[in-house]
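Read the figures in this text as sums done on the coordinates, not as results from a lab. Keep in mind that what you see is a predicted model, and the values were worked out from it rather than measured. Glycine gets a Cβ as well: all are built from the backbone with ideal geometry, and neighbour counts include every protein chain shown.
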Amino acid sequence: MHTLFRQELAAKLRDWQEGRLSSASLHKWASDLYPQNVVYDDWEAHEGDEVSVASVVLQALDNLNSGLAIPEDAPIYLEFLETPTSQYERGLAHFESRLRAINYSERRRSLHNDPLYAPFCGRSA
């Protein structure tokens, strides 16, 4: 079992953003961990549940290809990882808002020839 710290996720995201780690490699790393092979260092109680910013980010990276995430999106994830304890809901709302602002139609067109993303770009891309 791997204990995942926000700092480790941030380092992976910076490597991805700066071209030291490919999207395919980051996706594989996340998929190898999520959901069964990892515990998170940042669990916190929230409205009767336990939540983790690191868990949300790792899940998003596990779905990197279907979510059409690219290295230019790394700042969105890095900002969410800086969410202070007890501000999970606010941080999550901002994170989701930034993701919704992405032009996914254009993204599908630009990624339709990339084997990692092509299955999620649709035939009309």
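Miscellaneous remarks
- For L4, distant residues with modelled amide H under 5 Å away: V39, Y40, D41
- Long-range amide H partners of H46 with built H, under 5 Å: V51
- Fewest neighbouring Cβ atoms within 10 Å first, the residues R107, R20, R98 line up as R20, R98, R107.
- Span-like helix ranges in the chain, DSSP H, alpha carbon extent 15 angstrom or more, Kyte mean at least -0.5: 23-33
- Ranking of S97, S31 by count of other Cβ atoms within 10 Å, fewest first: S97, S31
- Restricting the range 29-84 to GluC sites (Glu not before Pro) that sit in a DSSP loop and have at most 13 other Cβ atoms within 10 Å of their own Cβ leaves E47, E82.
- Structure remark: mean-square fluctuation, Gaussian network model of the chain, C-alpha springs under 10 Å; the largest value among A101, A30, A60 belongs to A101.
- Among the listed options (i) 25, 17, 13; (ii) 32, 17, 10; (iii) 24, 15, 13, the one matching semi-axes √(5λ) of the Cα gyration tensor in Å as calculated from these coordinates is (i).
- Computed on the range 2-120, with alpha-carbon pairs under 8 angstrom and 6+ residues apart, the relative contact order is 27 percent.
- For the chain, calculated [θ]222 nm from helices alone, where every DSSP H run of n ≥ 4 adds -39500 (n - 2.57): -14500 deg cm²/dmol
- Counting neighbouring beta carbons within 10 Å and listing from fewest to most, the residues I70, I76 come out as I70, I76.
- Electrostatic dipole magnitude of the range 2-120 [Cβ: Lys, Arg +1; Asp, Glu -1; Cα centre; debye, to 20]: 560
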